1. Residues with amide H under 5 Å of CYS38's amide H, sequence separation 5 or more or different chain, H placed in the peptide plane at 1.01 Å from N; which?
2. Can you pull the one-decimal nm distance between simple spin-label points at ASP3 and ILE17, each 7 Å off the Cα toward Cβ?
3. Taking DSSP loops as anything outside H, G, I, E and B, show the longest stretch in the chain free of GluC sites (Glu not before Pro) there with at most 15 other beta carbons within 10 Å.
4. Test of understanding: ordering THR130, THR248 by Cβ neighbours within 10 Å, fewest first, what list do you get?
5. Mind checking which of GLY196, GLY115, GLY275 has the largest fluctuation in a GNM of the chain, springs on alpha carbons under 10 Å?
6. Mind telling me which of ARG146, ARG229, ARG271 comes out most flexible in a GNM of the chain, alpha-carbon contacts under 10 Å?
7. So for the chain, if I pair up every lysine 8 or more residues apart or on another chain, how many of those pairs have alpha-carbons under 27 Å apart?
8. Sequence gap at least 6, Cα distance under 8 Å: using those rules, report the relative contact order of the chain to the nearest whole percent.
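Computed from the coordinates by the stated procedures, all read-outs in this text should not be read as laboratory data. The structure presented is a predicted model; accordingly, all values stated were derived computationally and were not measured. Cβ placement follows ideal geometry from the backbone for every residue including glycine, while neighbour counts extend to all protein chains displayed.
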Amino acid sequence: MKDKIIIGTRGSRLAMIQANIVASELQRAHPAVQIELCKIMTEGDRNRHLSIEEAGDTGIFVKALEEALAAGRIAIAVHSLKDMPTELPGGMVLAAVTERLDPRDALIATARLDGLPPGSLIGTGSLRRTAQLKNLRGDLQVVNIRGNVDSRLRKVGSGELQGVIVAAAAMLRLGWHDRITEYLPLESFLPAVGQGALAVETRKGDRVIEEYVSVLNHLPTWQAVSAERAFLHAVEGGCRAPVAALATVDGRILKITAMVADRAGTTIIKRSIEGDARQAESRGVELAQMMLDSGAAALIDELRCH
């Protein structure tokens with residue numbers, strides 16, 4: 001029995017909201033336990049000029065929290081699941097994922113996507129979003145940006161950019177649904193792996209904490225993101241590429257759709273498969289192999305050379 005559980009989180013407004021969601025659920029399930037939040041500065045927060053592409057798949061928003069976990073300063077780390085690398089360090093475990101919110105990307109702009117004038121400046125720090133945007137509207141200019149959601153939105157309000165693309169779930173958690181110009185369709189904008197779900201990470205073997213946080217785990221979301229993360233691990237091979245995947249679960253049936261593109265968005269390979277949700281990881285690996293055999297391997301090899 002624990003008297004107190006310390007939850008580690010980044011200090012941004014969105015991260016604090018996400019950590020408080022987890023804290024509230026834990027408190028509801030375990031009213032006798034004291035829950036505290038601990039703000040931790042990550043490399044991604046310190047170095048705002050480092051692009052996600054430059055950082056690679058190094059977990060720049062995750063590592064400092066994992067170090068605090070390993071040191072015993074916190075018992076739980078809360079992340080946006082899309083920020084977590086597919087390989088966790090030794091001694092760490094993904095113990096639970098919350099029910100996923102809307103997984104789509106959202107456009108905050110001066111007009112809907114099809115109404116933006118040619119040459120409009122659209123901000124995003126994502127290779128995935130860039131490739132899909134260029135494929136759909138090659139006449140728009142993509143500007144690489146970093147920063148919290150509110151700082152990105154200010155660039156639109158100030159006129160520096162005509163639009164930005166962010167996760168719809170972030171806008172919804174911030175209570176800013178009324179600022180969304182358009183939810184981008186999944187047919188054209190597949191999301192990042194894990195987008196919309198929160199990850200609860202703990203120390204491997206800490207059975208007491210794992211038991212506490214088990215109440216947070218949403219099984220259909222767990223199955224869906226397990227397939228997505230298995231796909232990403234199998235297809236990307238450590239190379240940052242424009243990759244997207246979204247799985248859905250209906251009863252025992254899991255369907256996963258994925259995309260691999262070149263950086264210019266001129267070539268996009270997209271495939272879907274269905275299978276038993278209880279074999280989610282196997283379905284993700286199966287889809288990865290299908291796509292690699294269909295030309296994704298050549299795309300990723302080319303990206304690895306640059």
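1. So CYS38 has HN proximity to ILE7, GLY8, THR9.
2. Label-label distance for ASP3 and ILE17, simple model: 3.5 nm.
3. Of all site-free stretches, the longest is 188-306.
4. Final ranking by Cβ density, sparse to dense: THR248, THR130.
5. GLY115
6. In the Gaussian network model the winner is ARG271.
7. Taking the Cα cut-off of 27 Å, the pair count is 21.
8. 20 percent
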